[in-house]
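Some notes on the structure that comes next.
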Amino acid sequence: MRLEDLDYELPESLVAQYPAARREDSRLLVVERASGALHDRHFRDLGEWLRPGDVLALNETRVRPARLRVRRPSGGRVELLFVRPEPGEDERWRVLAKPAKHARIGAVLADEGGALELEVTSEGGQGERVVRVRRGDLDAVLRERGEIPLPPYVHRPPDESDRERYQTVYARVEGAVASPTAGLHFTPGLLASLEAVGVGSARLVLHVGPGTFRPVTAADPTEHRMDEEWYELTSEAASKLAAARAAGGRIVAVGTTSVRALESACDARGGEPGAGSGWTRKFIHPPYRFRAVDALVTNFHLPRTTLLLLVGAFAGPDLLRAAYAHAVRERYRFYSYGDAMLVV
């Protein structure tokens with residue numbers, strides 16, 4: 001796919017600011033790769049397109065309240081997004097600073113209550129910084145004062161309810177700065193009803209970082225470089241997925257992050273599906289041979305992103321463009337709190 005192939009026009013009114021009143025009420029566009037057929041459904045109808053023996057691959061990562069507003073001694077405000085801890089004896093974190101010019105090396109930053117004091121120890125590109133905790137309990141301050149980092153196209157401040165509604169119902173392992181949003185449509189009741197008809201689930205982790213959503217700016221999209229993200233697929237989960245396939249079932253990845261975890265585990269095993277863990281920069285774009293995924297549940301993604309490239313590799317670029325054009329015409333809701341697509 002070329003860079004211009006990652007563009008499409010979207011009315012602002014279709015960018016969802018809130019999730020559906022009930023998660024299962026989200027709309028679902030079903031895309032059949034074999035025939036190119038498109039079907040308008042609701043997410044509660046997902047079971048019509050799954051079969052006994054299929055297994056959902058669910059990303060259990062949980063979003064932390066990772067955004068914190070701090071001040072310089074001069075009073076200037078800086079917004080920090082705590083991406084991940086850095087290795088070392090003292091407590092250091094990789095963060096994104098905004099505005100970055102107010103977080104130079106040596107700058108001392110404190111939270112509004114003064115309970116936390118940070119020092120900038122290194123700088124990187126695109127607002128990336130490393131900060132050292134000089135005083136205070138960062139975890140406690142984030143839980144009390146931190147905000148859930150909603151995406152910038154949600155044009156409202158996060159409220160208390162976002163702490164849960166921006167999580168999947170199966171979120172368990174804290175470490176992400178963005179939700180694996182395809183999973184937001186599931187409810188405990190829907191998962192139970194699918195299990196009752198023989199659709200299982202296997203859990204994995206990929207801690208979603210800001211790099212997942214960085215726009216592709218290179219003229220040749222294949223030259224884009226992904227940020228590192230931690231993933232883990234346990235032996236138990238890998239065995240469950242392998243057994244399902246051996247019995248004729250399908251692995252249904254819920255979200256592009258689940259796809260990247262599964263395919264990263266394949267890379268770690270020389271191309272064969274199985275368990276794996278570690279840091280991944282897995283970048284999937286057309287053409288790509290998927291080894292561990294048979295169907296995909298996903299949301300509608302931003303133009304010029306690696307997520308769109310991944311879905312294009314799975315559905316096929318032409319069919320993806322047709323599906324997105326259909327979704328715009330039919331006024332599906334887009335992005336993190338929007339509607340869903342199933343590619344089979």
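The values are calculated or read from the model by the stated rules, or taken from the named source; none is laboratory data. Just so it is clear, the structure is predicted and the values come from calculations on it, not from any experiment. Positions of Cβ are generated from backbone atoms using ideal geometry, with glycine treated the same way; all protein chains shown enter the neighbour counts.
Quick notes on this one:
- Enumeration of residues in segment 321-344 that are part of a helix (DSSP H, G or I) and touching a residue at least 60 places away in the same chain (Cβ under 8 Å): Arg321, Ala322, Ala323, Tyr324, Ala325, His326, Ala327, Val328
- Qualifying residue in segment 264-279 (condition: under 16 Å from Ala313 (Cα atoms) and touching a residue at least 24 places away in the same chain (Cβ under 8 Å)): yes
- Selection of segment 9-38 for residues being closer than 21 Å to Tyr288 by Cβ and either among the polar types (S, T, N, Q) or touching a residue at least 60 places away in the same chain (Cβ under 8 Å) (or both) yields Val31, Glu32, Arg33, Gly36.
- Per the conditions (1) farther than 29 Å from Trp230 by Cα; (2) surrounded by fewer than 22 Cβ atoms within 10 Å (Cβ to Cβ), the sole criterion not satisfied by Leu28 is (2).
- If you filter segment 212-236 down to residues that are in contact with a Gly (Cβ under 8 Å, 6 or more places away or on another chain) and part of a loop (DSSP other than H, G, I, E, B), you find that the one that is surrounded by the most Cβ atoms within 10 Å (Cβ to Cβ) is Asp227.
- Among (1) touching a Phe, Trp or Tyr at 6+ places or on another chain (Cβ under 8 Å); (2) not assigned by TED's automatic domain parsing to the domain that holds Leu56, the one test that Val205 misses: (2)
- Any hit, segment 32-44, residues being in contact with a helix residue (DSSP H, G or I) (Cβ under 7 Å, 6 or more places away or on another chain), at pLDDT 95 or above and in a loop (DSSP other than H, G, I, E, B): yes
- Among the residues of segment 284-312, those that are outside any helix (DSSP H, G or I), more than 14 Å from Val254 (Cβ to Cβ) and under 17 Å from the mean Cα position of the chain (by Cα) comprise Ile284, His285, Phe300, His301, Leu302, Pro303, Arg304, Thr305.
- Just one residue in the set Ser258, Ser239, Ser277 is surrounded by fewer than 23 Cβ atoms within 10 Å (Cβ to Cβ), assigned to a helix (DSSP H, G or I) and at negative phi; that residue is Ser239.
- Any hit, segment 79-92, residues being modelled with pLDDT of 95 or more, of a type in the set (Phe, Trp, Tyr) and more than 15 Å from Val131 (Cβ to Cβ): no
Residue by residue, here is whether (1) buried (at least 18 other Cβ atoms within 10 Å of the Cβ); (2) touching a helix residue (DSSP H, G or I) at 6+ places or on another chain (Cβ under 9 Å); (3) more than 26 Å from Asp227 (Cα to Cα) holds:
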{"site": "Lys98", "(1), (2), (3)": "no, no, no"}
{"site": "Lys101", "(1), (2), (3)": "no, no, no"}
{"site": "Gly106", "(1), (2), (3)": "no, no, no"}
{"site": "Asp111", "(1), (2), (3)": "yes, yes, yes"}
{"site": "Leu116", "(1), (2), (3)": "yes, yes, yes"}
{"site": "Thr121", "(1), (2), (3)": "no, no, no"}
{"site": "Arg145", "(1), (2), (3)": "no, no, yes"}
{"site": "Ser161", "(1), (2), (3)": "no, no, yes"}
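Residue-by-condition table, conditions (1) touching a residue at least 24 places away in the same chain (Cβ under 8 Å); (2) of a type in the set (Ser, Thr, Tyr); (3) in contact with an Asp or Glu (Cβ under 8 Å, 6 or more places away or on another chain):
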position: Ala57; (1), (2), (3): yes, no, no
position: Pro65; (1), (2), (3): yes, no, yes
position: Gly76; (1), (2), (3): yes, no, no
position: Arg92; (1), (2), (3): yes, no, yes
position: Ile105; (1), (2), (3): no, no, yes
position: Leu109; (1), (2), (3): yes, no, yes
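- Residue match in segment 104-121 (condition: under 20 Å from the mean Cα position of the chain (by Cα) and modelled with pLDDT of 95 or more): no
- Against the test of being on the phi > 0 side of the Ramachandran plot and in the same structural domain as Arg333 (by TED's automatic domain parsing), the options Gly88, Gly106, Gly36, Gly47 yield a single qualifying residue, Gly36.
- Where Arg71 falls short, out of the listed (1) surrounded by 14 or more Cβ atoms within 10 Å (Cβ to Cβ); (2) under 23 Å from the mean Cα position of the chain (by Cα); (3) more than 21 Å from Ala323 (Cβ to Cβ); (4) charged (D, E, K, R): (2)
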